[in-house]
1. Which residues, counting only those in the stretch 568-582, are closer than 15 Å to SER427 by Cα and in contact with a strand residue (DSSP E or B) (Cβ under 8 Å, 6 or more places away or on another chain)?
2. Within the stretch 217-236, work out how many residues are surrounded by fewer than 15 Cβ atoms within 10 Å (Cβ to Cβ) and more than 23 Å from THR307 (Cβ to Cβ).
3. Among ASP302, ASP337, ASP249, which is the only one that is over 22 Å from SER208 (Cα atoms) and modelled with pLDDT under 95?
4. Looking at the structure I just gave you, is PRO141 within 14 Å of the ligand (Cβ to nearest atom), open to solvent by less than 30 Å² (accessible area, probe 1.4 Å), assigned to a loop (DSSP other than H, G, I, E, B) and not small (Gly, Ala, Ser)?
5. Return the residues of the stretch 81-124 that are open to solvent by less than 20 Å² (accessible area, probe 1.4 Å) and among the aromatic types (Phe, Trp, Tyr); say none if nothing qualifies.
6. Would you please list the contacts, defined by Cβ atoms under 7 Å and residues six or more apart or on different chains, that run from a residue in the stretch 199-226 that is among the acidic types (Asp, Glu) to a residue that is assigned to a loop (DSSP other than H, G, I, E, B)?
7. Output the residues belonging to the stretch 237-274 that are within 12 Å of the ligand (Cβ to nearest atom) and either under 17 Å from PRO155 (Cα atoms) or touching a helix residue (DSSP H, G or I) at 6+ places or on another chain (Cβ under 6 Å) (or both).
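The values are calculated or read from the model by the stated rules, or taken from the named source; none is laboratory data. Keep in mind it's a predicted model, so treat the numbers as computed, not measured. Cβ atoms come from the backbone with ideal geometry, glycine included; neighbour counts cover every protein chain shown. For the accessible areas, the whole protein counts, side chains as well, though only heavy atoms, and no ligand, DNA or RNA atoms are used. Shrake-Rupley method; radii C 1.70, N 1.55, O 1.52, S 1.80 Å.
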Amino acid sequence: MNNTVKTKLKAAIAITLLSGSSAFASDGVKIEHLGINNTLVRVEGDGTFLLMPVQESNDDATVNVLVDGKVDKTLYVKLAKSKVDYFVPFALEQYRGHDVVLNILTSQSRSDIREVKDDVCWSNFSISDTFDVSNREKYRPAFHHTPQYGWMNDPNGMFYKDGVWHLYYQWNPYGSKWQNMTWGHSTSTDLVDWQHQPTAIEPNGLGSVFSGSAVVDHGNTAGFGNDAVVALYTSAGASQVQSLAWSEDGGETFNIYSGNPVITLESEARDPNMFWNEATGEWTLLLAHALEHEMLIFTSPDLKNWTLRSAFGKALGSQDGVWECPDLFELPVDGIDGKKWVLLCNINPGGPFGGSATQYFVGDFDGTTFTPDKASDGTVPTKWLDFGKDHYATVSWSDAPDGRRTAIGWMSNWQYAADVPTMQYRSANTLPREIGLFKGDDGQIYASSVPSSEIDAIRGRLFKKTSGNIGEDYKKYALPKDNDGICEILLDVNARKATSVDIELSNELGEKVVMVYDASARTFSFDRRKSGVTDFSEHFPAVTVAPTFEKNGKISLRIFIDRSSIEIFGNNGHFAMTNLVFPGKPYSMLSLKSNGGNAKIGSLQIYSIDK
Ligand code: FRU
């Protein structure tokens, strides 16, 4: 067969295969199968959204959005094959008056185009004027920040301006697993109620938009105007480089700087975190040199031109995973004169209980170099900001008022974040926390974290108040039932002669969380192995343990329960512990008992939460 005959034959086969391959999925959407792994979805009707059907277990399809025939953007969506788990909205408003066609490449290997036609996604694309964001998840926290829908990881780019707390976050608008990294945006005036804002920064020519930071450029050093908001983030494309964007409307919309990238390195580096250093009169930036397990320190006069000054951390602290999401700030030390610098270093894996966690170093910073404090044996101690499994990517707000160092973390763990039993959304942020410093009895300076005082406002009715002795038999106290049992518990325990005190949360299904204050070991532990649904990951059932830093057998706990999260702040934040739980029913009972002798409950207060 000569080549012309071969080509004609191929064309004839193709025509036979494709004939009848166009079909209307639903009103306003036309499907055309072009080949085994290639389908066009033509938007023919008018509407605000194109709803795309997702099946989470499926592979990502590459969705090239053609606007008037040109690629406008590319998304990755797990289009449904055998069943639709949920829909995600693709906003059409911006394209009114233009032709929109999705050129979709699926990655499944198929032998025949007929198999592709059977995929349930094609008949489930639809045009709609609405996208329902009302909550469908029983595990969605009530008083923690969550995305309206879709996947969320790191909080980032946070700044405070004109009474508003801006919170950006790593977001997938097209599914509840990690992908399409975009800066979602929420704002709050009280750190409790969060308003969802339009998308702030979308993937662009240099890649998707990983974590970063934002500052208010009070002195117009960058030339974008007085008080312009300037963000630096990691463009994650073929390589990881650092890009700048600026906002002239207070952080709502961003312009991408045409001189990007502003920092390039030969190896993986990400999550730029910058601040104005009053002492040196220039910008300082920390960049996670992820695989080298170090933080690079840069300075700049204008946010655009950065000079590498030093590297911190090689061989220090936990080195068992990639170093990510740095932060650096100065704070007074409680009870003693003077200030210290704190360098936050999120690490994954390598956390004390597996997977991700936030370690930190305390030391001095001279504008170019960070020098960590040493222990009496000359080593640099490894310190953890939170002793739970679900506290990661913690960074702080820039320009927080009144000298506050307000931080927030992602309340999950890379070990299982994509598998937790929710689908409409995945992941919440921790309560916002105020970071402080105190001196431990080993002479070391440690970081404390307490809930921001704004959180006091959600404290509701006093449900139970009591005090007295406890012994080896459980004393039981009912927990509030309203609002799926969300509540705050304040508990002061004096172990006295007891060696330990058990603090248990349980429900009528026999599910429980067992916390133990071990007065002799001076530790507080949290066992969630029987806490409810735990089998979605072998890494989820776990016991986490914190040092209590107390000296006298007394411990005070502030416990927040919010449907699927438990946060504990011990001894005025000298230790914090954040753990997820997925109970079949809300915990309805608090049980207390002591071991090895009687203990005293100085005070127990249980509050419902108004939210
Ligand atoms: C941390 C992290 C960052 C990165 C982002 C990507 O959780 O891996 O280093 O910027 O997530 O979403």
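1. Correct list: THR578, ASN579, LEU580, VAL581.
2. Of the residues in the stretch 217-236, 3 are surrounded by fewer than 15 Cβ atoms within 10 Å (Cβ to Cβ) and more than 23 Å from THR307 (Cβ to Cβ).
3. After applying the criteria, what remains is ASP337.
4. For PRO141, the condition - within 14 Å of the ligand (Cβ to nearest atom), open to solvent by less than 30 Å² (accessible area, probe 1.4 Å), assigned to a loop (DSSP other than H, G, I, E, B) and not small (Gly, Ala, Ser) - is not met.
5. TYR86, PHE90, TYR95, TRP122
6. If the second residue must be assigned to a loop (DSSP other than H, G, I, E, B), the pairs left are ASP217/PHE224; ASP217/ASP227; ASP217/LEU303.
7. GLU268, ARG270, ASP271, PRO272, ASN273
To keep it simple, each residue is scored yes or no on (1) assigned to a loop (DSSP other than H, G, I, E, B); (2) closer than 18 Å to ALA417 by Cα.
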residue: SER531; (1), (2): yes, yes
residue: ASP535; (1), (2): yes, yes
residue: HIS539; (1), (2): yes, yes
residue: GLU550; (1), (2): yes, no
residue: ARG558; (1), (2): no, no
residue: GLU567; (1), (2): no, yes
residue: ASN572; (1), (2): yes, no
residue: ASN579; (1), (2): no, yes
residue: PHE582; (1), (2): yes, yes
